[in-house]
1. Between residue 288 and residue 195, what is the label-point separation in nm under the 7 Å Cα-to-beta-carbon projection?
2. Rounded to the nearest Å, what's the spacing between the alpha carbon centres of the range 88-118 and the range 189-205? Just the number, please.
3. Okay, helix-only estimate at 222 nm for the chain: each DSSP H run of n ≥ 4 adds -39500 (n - 2.57), divide by all residues, round to 500 deg cm²/dmol; what do you get?
4. Given labels modelled 7 Å from the Cα in the Cβ direction, how far is it in nm from residue 121 to residue 319?
5. Okay, which of the range 200-223 sit inside 11 Å, backbone N to the point 7 Å along the Cα-Cβ direction of residue 113?
6. Please list log₁₀ I(q)/I(0) at q = 0.14, 0.16 Å⁻¹ for the chain, using the Debye equation with identical point scatterers on the alpha-carbon positions.
7. Taking 0.36 nm per residue of sequence separation and subtracting the Cα-Cα distance, how much length would be gained by fully extending the chain between residue 253 and residue 224, in nm to one decimal?
8. Straight distance only, please: which lysines reach the Cα of residue 249 with their own Cα at less than 22 Å, same-chain residues fewer than 8 apart left out?
Amino acid sequence: MRGPRRPPIGRSGEDRPGYESIRCNLCGAAETHTVYEAQHVDVAGRDLVHTFRASGDELLIDRLVRCRACGLQYVSPRPRASAIVEAYSGGDDPAYVSQVAARERTFGDAVARIEKLLPGRGRILDVGTAAGAFLAAASGRAWQVEGCEPNAWLAEWGSSHYGIPIRTGEIFDQPYAPGSFDVVTLWDVIEHTPDPSRVIRTARELIRPGGLLIVNYPDIGSWIARALGRRWPFLSSVHLYYFTRGTMKGLLERSGFEVVEMRAHFQRLELDYLLSRGAVVSGLLSKSSRAVAKGLGLSGRAVPYWIGQTFVAARRLPE
């Protein structure tokens, strides 16, 4: 079930130290079409820890390309994978944990959705669990939960806040036994990873035959992403890959899964937090709408929103 080997192409024409050009992670092809050119900014002093935090919302400054063979969109050249992983592992993120109550409500609905697809309870692993809000929601519904998170500060915060052990590190670093989970989840994770195919293949090894992989990702093929273009809020420097429904389905099927459901995924965040992040679309609109919400006493209300997020459930096929 392993995909093609994907060696790096080497430096791009921009010849930026610390950056690498890469082949398509889905099909291994090298030929691409440029979707958006890189922004001309000083990258020498770029703070990768700030860029690659869980709550990162910097607009995309690197070049976005589309594979000519399969259509997968991704950032190339990009900071080297080792630097990205190191950046994710460091720093704190109080902005992210400020929204855990709203995230718990989102994840409560998500767990209920999983239970409709896989009746009963069992063991569930949340990869890139951040502060552990999904683990808390699943544990509250009688699931046996495990989680891993590269960022040490978030893992410690989640363990302390929820009383649920969260292992520090990537999925590749963990001692989980093959086939030991009924469900593995990747909530807003796969688009951040330097090697999505490896993540999906590793997750498959941990899921029992017939078990589920759950992936949530921002869909660059959605109508709202196409309408907003470069102002789409998910077009962010924290994201390395941009999937459509077609390329996501291709990634999962090539890794030994059968897609059983794909649907729009509504999430909840506090209104003021959402409106503040809307500044990437319009600073004036963000500022004025936040003032109105504050005046109406609605700033702290958790509200559902959708700007392209997509829920995917895939069943692990037998060998």
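Since every read-out is calculated from the coordinates, none of them should be taken as a lab result. These numbers come from a predicted model, not from an experiment. FYI the Cβ positions are ideal-geometry reconstructions off the backbone, even for glycines, and counts take in every protein chain you see.
1. About 4.9 nm separates the two model spin labels.
2. For the range 88-118 versus the range 189-205, the Cα centre distance is 19 Å.
3. Values: 11 runs with 100 residues, N = 319.
Here the helix-only value at 222 nm equals -9000 deg cm²/dmol.
4. 3.2
5. Once the point is set 7 Å along Cα→Cβ of residue 113, 214-217 turn out to lie under 11 Å by backbone N, inside the range 200-223.
6. Each listed q maps to, in turn, -1.15, -1.53.
7. Working: separation 29, 0.36 × 29 = 10.44 nm, distance 2.59 nm.
Answer, rounded to one decimal: 7.8 nm.
8. Partners within reach: 116.
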